[in-house]
Amino acid sequence: MKVKHFLSALEHGRVHQAIRSAEKGTSGSIVLFISHRKVEDPLAAAHHEFSKLRLEAAKGDNCLLLFLAPKTQKFAVVGGAAHHEKVGQVWWDDLVALLTRHFKANHYTDGLVATIAQAGHALQTHFPASASDRTSERDIVEE
């Protein structure tokens, strides 16, 4: 898929609102990263961006990064160690399966919104917000 087609089909406003809603009631954060480059190993690229964005330090290691590489039709979902410890591998596998089903049907925005909602529910359950928590300023990053 061409990046231009993906970006024009993606409803950024809905995705942004889904992230804001998912982050309410949690100390965690969700970031959508859209790469404009070809990516051979999306998991490695996602871990690199997770580190580069300093997400592990930003919110106490309870963040989630959705990494999309539309040029190579690949994606990955990664999170902090604290998040992984709470939800377990099956949860991550289910999250990837949910996004895969939507993407295969070309329902990009719906897939992201559903995935973000599921991630937000887990964050709210395992990492409830305190009075000092604020949502991330950078919820959608494109490079």
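The values are calculated or read from the model by the stated rules, or taken from the named source; none is laboratory data. Here the structure is a predicted model, which means the values were calculated and not measured. With ideal geometry, Cβ positions are generated from the backbone for all residues, glycine too; neighbour counts draw on all protein chains shown. Calculation scope for accessible area: heavy atoms of the full protein, side chains included, ligands and nucleic acids excluded. Shrake-Rupley method; radii C 1.70, N 1.55, O 1.52, S 1.80 Å.
Starting from 0.36 nm per residue, how many nanometres of slack lie between H121 and E40 once their C-alpha separation is accounted for? Before the final figure, lay out the partial values.
Working: separation 81, 0.36 × 81 = 29.16 nm, distance 3.05 nm.
Difference between extended and current length: 26.1 nm.
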Using modelled backbone amide H atoms (1.01 Å from N, in-plane), which distant-in-sequence or interchain residues come within less than 5 Å of K74's amide H? A69
Count of lysine pairs in the chain with Cα separation under 23 Å (8 or more residues apart, or interchain): 19
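If packing is taken as the average number of other Cβ atoms within 10 Å across a peptide's residues, how do 100-107, 65-72 rank, most packed first? Display every interim value, and only then the final one.
Numbers: 100-107: 13.5, 65-72: 21.8.
My ranking of the peptides, most packed first, is 65-72, 100-107.
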Carbon plus sulfur fraction of accessible area for segment 23-140, probe 1.4 Å, in percent: 53 percent
Please give the direction-averaged projected area of the C-alpha convex hull for the chain, in square nanometres with one decimal. 7.5 nm²
Nearest 10 degrees, 0 to 90: helix 81-104 Cα axis against the chain principal axis: 30 degrees
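Give me the 1.4 Å probe accessible area per residue for the chain, excluding ligands and nucleic acids, in Å².
In whole numbers, the chain has 50 Å² accessible per residue.
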Calculate, in nm to one decimal, what S130 and R20 gain on full extension: separation in residues at 0.36 nm each, minus their alpha carbon distance. 38.0 nm
Across segment 61-77, in residue order, what do the Karplus-derived ³J(HN,Hα) couplings come to in whole Hz, using 6.51 cos²θ - 1.76 cosθ + 1.60 with θ = phi - 60° and x for Gly and Pro? 6, 10, 10, 9, 10, 9, 9, 10, 10, x, 4, 10, 6, 10, 8, 8, 10
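If DNA, RNA and ligands are ignored and the probe is 1.4 Å, what is the ranking of V90, V96, V141 by accessible area, most exposed first? Don't skip to the answer; put the middle values down first.
On the way: V90 105, V96 55, V141 25 Å².
Of V90, V96, V141, the descending order of accessible area is V90, V96, V141.
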